[in-house]
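These notes are about the structure you will find just below.
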Amino acid sequence: MSGAIRIAAAGPGDAADIAALHALCFEAGWDGAAIADILAMPGAFALVAEWPQADDVLYVGFVLARAAAGEAEILSIGVAPAARGAGLGLVLLEAAIVRAIAMGAQALFLEVADDNHPAVGLYEKRGFARVGSRPGYYARSDGAASALVMRLDLE
Ligand SMILES: CC(C)(COP(=O)(O)OP(=O)(O)OC[C@H]1O[C@@H](n2cnc3c(N)ncnc32)[C@H](O)[C@@H]1OP(=O)(O)O)[C@@H](O)C(=O)NCCC(=O)NCCS
């Protein structure tokens, strides 16, 4: 039997579990040490979507972000493939926005590959605007993709 998915704060002790989920979401996964290093940065935080099971808790989504000096950045966000398309990405993004505002951020930035249609769709749905582009930023087996820089005004 399993319970409802809930959003919870995560810490350096959760880095290995977040890394396992990150590896399901990205071709170039970040290992636990890399995620622990991120979480050690000033203003960095992680939120996870937890799905309680009878004797365990599965992580089905995560967001890593950082807020400092009035600005925040989404560093990474992912939802387990089997849990996509059910609104969880938007819930995680919203939770990160609430946390960034609470930490004093007035704007939230992110970078996303311009061919990552699910992610660009998610950010545009939440009101992010395209404010820049970094051509050739992401290496691809068949070339390179540009990074879009996106911004959400939090004021
Ligand atoms: C991007 C990601 C986090 C979205 O998570 P999700 O839980 O599936 O997203 P949601 O169900 O909350 O969808 C919210 C909105 O995002 C957009 N979206 C989600 N999946 C989409 C898809 N496959 N194609 C186009 N738009 C999509 C839609 O606007 C959607 O709203 P709608 O359902 O009303 O149409 C997920 O696809 C993922 O983990 N991708 C791999 C990791 C990644 O690329 N992260 C972003 C790096 S910048």
If I model a spin label as a point 7 Å beyond the Cα along the Cα-Cβ vector, how far apart are those points for Val98 and Val131 in nm?
2.4
Which of Ala96, Ala144, Ala16 moves the most in a Gaussian network model of the chain with Cα springs under 10 Å?
Ala144
If you restrict to DSSP beta bridges whose two residues both lie in the chain, what percentage is antiparallel, to the nearest 5?
90
For the range 125-140, in residue order, the Karplus 3J(HN,Hα) values (coefficients 6.51, -1.76, 1.60; θ = phi - 60°; whole Hz; Gly and Pro = x) are 4, 7, x, 5, 10, 6, 10, x, 8, 10, x, x, 5, 9, 6, 10
Between the modelled labels at Ala23 and Asp37 (7 Å from Cα along Cα→Cβ) the distance in nm is 1.8
Determine the distance separating the Cα centre of the range 94-134 from the Cα centre of the range 1-64; give it in Å without decimals.
19
Using +1 on the beta carbon of Lys and Arg, -1 on that of Asp and Glu, and nothing else charged, what's the dipole of the chain about the Cα centre, debye to 20?
360
Pick out which of Ala15, Ala145, Ala44 has the largest mean-square fluctuation in a Gaussian network model of the chain, springs linking Cα atoms closer than 10 Å.
Ala145
Using a 1.4 Å probe on the protein chains only, how many percent of the accessible area of the chain belongs to carbon and sulfur?
54
Taking one equal scatterer on every alpha-carbon of the chain, how large is log10 of I(q)/I(0) by Debye at q = 0.14, 0.18, 0.21 1/Å?
-0.70, -1.16, -1.51
With every protein chain left in place, what is the accessible area per residue of the chain in square angstrom, probe 1.4 Å?
53
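The values are calculated or read from the model by the stated rules, or taken from the named source; none is laboratory data. Here the structure is a predicted model, which means the values were calculated and not measured. Ideal geometry is used to build each Cβ from the backbone, glycine not excepted, and the neighbour counts take in all protein chains shown. These area figures cover heavy atoms from the full protein model, side chains too; ligands, DNA and RNA do not enter into them. Shrake-Rupley method; radii C 1.70, N 1.55, O 1.52, S 1.80 Å.
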